[in-house]
Each structure stands twice: as C-alpha cells, then as structure tokens.
2 protein chains.
Amino acid sequence: MKRSLGPRALLYPAPVVVVGTYDAAGRANVMTAAWAGVCCSRPPCVSVSIRRSRHSYEAIVRRQAFTLCVASTEHVAQVDYFGLASGASEDKFATSGLTPVRADTVDAPYVAEFPIALECRLREAIDLGVHTQFIGEVLDFKADESVLGPAGLPDIEKVRPLLYAPGQETYYEVGPALARALGVGKGSCAPGNAPTTR
Amino acid sequence: MKRSLGPRALLYPAPVVVVGTYDAAGRANVMTAAWAGVCCSRPPCVSVSIRRSRHSYEAIVRRQAFTLCVASTEHVAQVDYFGLASGASEDKFATSGLTPVRADTVDAPYVAEFPIALECRLREAIDLGVHTQFIGEVLDFKADESVLGPAGLPDIEKVRPLLYAPGQETYYEVGPALARALGVGKGSCAPGNAPTTR
C-alpha cells in the first residue's frame, strides 16, 4: 500500500559530483552536488543544479564553463567538505590538500586526484526555483588510466563512485553487479509473449 | 595520469527510472531511462531525457504529465524489458504482468509493484540533440509503507534501487553505507584549518 508523502524531490540513488570553477578573482573552487546527471547522449550533455547563493553560481555564469568530477570512496571526507564550505571564504583546494588542474577545453579546473573529469561548456541555465539547472556540453571526458576497463572506458568497480541517499543524508558505495542491461529483460515477459528489441 | 576520451556522456552511477504515460489511445505505457535526476528542491522538480522516436515522447507532450518510478532489484528483468520494447507495438504492462495505477494528481499511470512513484506535471521540454530533457514538477511523491524508515521517508536499503553503469550497460545494486553526508567532511581539512558549515 502506497503512502502519499506530498511534493518531494527524492530519487534513489543520486550521484555525487564535484563542480569545478574559477571565480571572479581567478581562484580555483569546487563544490559538491547531487542534483546532477547526463541529459543528452549526442551532443553529450550533463546537468547540475546549484543554488543562486553558492559561490560557484556566479563563476559558472561568468566563465560559461564548469567541470564535473567523480570522486572515489577514499575521498569521501574531502567531497563532503566541498559541500559544507564556501569558496567565498576559504580555499578548499589548499585546505583539503587536493590539486587543481586547468581543463584543456574550457575555463575551469578539475581535481587531479579524482579519477574522472568532464570538461563542460555552459549551454543552458534554467531557473527552476531555489535551484538553477546548468546544462553543459561535454567537450572532453578524462579518466585515470587506472580506472579503465578492457574496452578503454571506465569500469565502475574501479572508479568506486559515491552514491547519495537523499532524505537520509548518507553516502553509499556501489554494490555488486546485478544483470546486463539491454539483455536480462529479453527473457522477462510472460510465456508466449516474447518482447521485441527496439 | 588522465587519458582524454573525447566528448562523452558518462557519469557514475546513473539512476534507473521507469517513466509512466498514457498514450494517444489512452493506453498505459512505461519505458526505462537512466538520463534522469532531481533538478530542483523547491518546487520539487525532476528531469528525464527521452529520444523523440520513443512512444513515450509524444505521450508526455500531449498529456503534459508523466510519472517516474523507482523499481527494486527483484524487478530488474521487467525494468530492462521496459527499455527494450516499444509501447507502440506491445502492451508492456500485460506482457510483464505488472499493474498500472492512475496517478492522483496528474494524467499518467505508475507501476503498483514498484516501491516509489513520483507524479509529475510537465514544466519544461528542452531539445538538446538526440534527447529532449523533460522537467517535471513533482506534485506528489508516493512510497510503499514497507520501504519507509523511522523518519517516515524512504530508506534506500529497503528500496533497493538499481544503478546503471553507462558504457558498461550493466545494472548494479546499492552497496553498504559509507559515511554521513554534511558530517564526515567536518574533520577532513588539514590541521588548523577547520572548515565552516554553510
């Protein structure tokens, strides 16, 4: 039996991304966000939603650029700190001991120690309410050699990204592989009703 | 050392959502998507990106509504099937044996057997390329009593949602809890540099 909980912004799980920007003074800054995801395959686009009050907001608008990094579980404390502190009052790179690297294709920095970085040119800024959704076109995707699988793409078991459980304010790890996508469902229909592929 | 992989739409992990609609003939339909997420806390908004060729595309535009369901791992085969088949040619509810329920607040159905359903009124449709991003305002959030935690909100360990590893085309489970968000980072800074809370 379902219970109505009213209008709520909860989806399970949320990703955890670290947004990299240069502020008005040219300082590298990072903040953590969970309202993010892929939104187009071609051209490749990703979105991240940020409150207007955040120091990163103006930086994205000014530079028309940002990066999204995916961190590994070993950096969970730094990732959480990047969401707690403000770049307006402190240098989060210096405090955390992590290293900013200037992106090759856009005017924004990424975190050297995190295994994945997406370099994004701002394409849309959609004011939705307390959050503005920034859509960026991914001009380059970079990954540490150490997290690549045999096909030359990242292996999620090597990346070991964080997940976020909204409402519980808890980070989780990725668990075991469950099934092949675009595969396991081929045998899922009722007998005599073979699903067709798209 | 980071390797450039060129422009790519990959983030880890992606969520797995099931989009519910009524088509032009009034038939309940569902499709699976991974390019989705929360995009605003207040008013609560979520986004899901869909190709123009999908049967669900026109249904969302016509009815100005959709639902997003979060399924549990036990339904992975049905979820995958919902992404493989098209509602233009088959009745996915009948084939899967799952049950459509009319939403209370919008003109769209959700899946009774899945533990979480978000009822969404279409707010924006943003044509980005091969995908159009639909942003919906969540008018009601429903959850099975059985997945609620002590605070009356869903517990991700009871929901047991699927994750999607893009590029690998593999579903994963949620792993163990790692740390408290907005907590573990308070002790992460270098000695003498206490991070401030926002």
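The values are calculated or read from the model by the stated rules, or taken from the named source; none is laboratory data. Owing to the predicted nature of the structure, the values given are computational and were not obtained by experimental measurement. Cβ: placed from backbone, ideal geometry, glycine included. Neighbour counts: every protein chain shown. We work out accessible area using only protein heavy atoms, side chains counted, and drop any ligands, DNA or RNA first. Shrake-Rupley method; radii C 1.70, N 1.55, O 1.52, S 1.80 Å.
Ignore the peptide's own chain and count Cβ atoms of other chains within 10 Å of each Cβ in A:108-120; give me the average, rounded. The partial results should precede the final answer.
Numbers: counts 0, 0, 1, 0, 2, 0, 1, 2, 5, 2, 5, 2, 1.
Partner-chain Cβ atoms within 10 Å, mean over residues of A:108-120: 2.
Number of Lys pairs in the protein assembly as shown with C-alpha atoms less than 19 angstrom apart, excluding same-chain neighbours closer than eight positions? If you can, show how the numbers build up before the last one.
Values: A:K2/B:K142; A:K2/B:K158; A:K92/B:K186; A:K142/A:K158; A:K142/B:K2; A:K158/B:K2; A:K186/B:K92; B:K142/B:K158.
So the count of such lysine pairs works out to 8.
Considering only B:Q78, B:T99, B:G167, whose Cα is most displaced toward the positive end of the charge dipole of segment B:65-198, charges sitting on Cβ of Lys, Arg (+1) and Asp, Glu (-1)?
Of B:Q78, B:T99, B:G167, it is B:G167.
For chain A, modelled as a Gaussian network with Cα springs under 10 Å, which listed residue fluctuates most, A:V111, A:V17, A:V147?
Comparing A:V111, A:V17, A:V147 in a Gaussian network model of chain A, the most mobile one is A:V147.
With every protein chain present, what accessible area does B:S86 have (1.4 Å probe, heavy atoms only), rounded to the nearest 10 Å²?
Here the residue's solvent-accessible area equals roughly 40 Å².
With r defined as the distance between the Cβ atoms of A:T99 and B:A88 and R0 fixed at 51 Å, what FRET efficiency is calculated, to the nearest 0.05? Present the calculation step by step, with values, prior to reporting the outcome.
On the way: r = 51 Å, r/R0 = 1.00.
Once the sixth-power term is evaluated, E becomes 0.50.
Run the 1.4 Å probe and let me know the accessible area of A:S146, rounded to the nearest 10 Å².
Probe radius 1.4 Å; accessible area of A:S146 about 90 Å².
Just by accessible area at a 1.4 angstrom probe, what is the order of A:L5, A:L182, B:L68 from largest to smallest? Kindly include the intermediate steps, with their values, before the conclusion.
Values: A:L5 30, A:L182 70, B:L68 0 Å².
The ordering from most to least exposed comes out as A:L182, A:L5, B:L68.
So what's the back-of-envelope 222 nm ellipticity for chain A, counting only DSSP H runs of four-plus at -39500 (n - 2.57) apiece and dividing by all residues, rounded to 500?
On the way: 4 runs with 27 residues, N = 198.
-3500 deg cm²/dmol, from helical runs alone.
I need the inter-copy label distances for A:P176: point set 7 Å along Cα to C-beta, values in nm with one decimal, smallest first.
So the distances to the same position in the other copies read 1.5 nm.
Multiply the residue separation of A:E169 and A:R3 by 0.36 nm, subtract the distance between their alpha-carbon atoms, and state the gained length in nm to one decimal.
Working: separation 166, 0.36 × 166 = 59.76 nm, distance 2.15 nm.
The A:E169-A:R3 span can extend by a further 57.6 nm.
Just checking the output field for A:153-162: average partner chain Cβ neighbours within 10 Å of each residue's Cβ?
Working: counts 7, 8, 5, 12, 4, 0, 4, 3, 5, 5.
If you average over the peptide's residues, the count of other-chain Cβ atoms is 5.
What's the magnitude of the charge dipole for segment A:1-148 around its Cα centre, counting Lys and Arg as +1 and Asp and Glu as -1 at the beta-carbon? Answer in Debye, nearest 20. If you can, show how the numbers build up before the last one.
Working: 15 positive and 16 negative charges, 148 e Å.
In debye, rounded to 20, segment A:1-148 gives about 720.
With a ≥ b ≥ c taken as the square roots of the eigenvalues of the C-alpha gyration tensor of segment A:74-152, please select rounded if a/c is under 1.5 and otherwise prolate if a/b is larger than b/c or oblate if it is not? Display every interim value, and only then the final one.
Numbers: a/c = 1.80, a/b = 1.09, b/c = 1.65.
Note, shape of segment A:74-152 comes out oblate.
I need the per residue convex hull volume for chain B, using only the alpha carbons, in cubic angstrom as a whole number. Working shown, then result.
Numbers: hull volume 33.2 nm³, N = 198.
Spread over its residues, the Cα hull of chain B gives 168 Å³ apiece.
Loop-only check: which trypsin sites (Lys or Arg not before Pro) in segment A:28-83 are DSSP coil with at most 16 other Cβ within 10 angstrom? Working shown, then result.
Values: sites: A:R51, A:R52, A:R54, A:R62, A:R63; in loops: A:R52, A:R54.
Qualifying residues, ordered by number: A:R52.
What percent do you get for the relative contact order of segment A:43-106 when only Cα pairs under 8 Å and 6+ apart count? Please report the intermediate quantities before stating the final value.
Details: 20 pairs, mean separation 18.4, N = 64.
Normalised by residue count, the contact order of segment A:43-106 is 29 percent.
Label B:R180 and B:S146 with points 7 Å out from Cα along Cα→Cβ: what is the distance between them in nm?
3.1 nm
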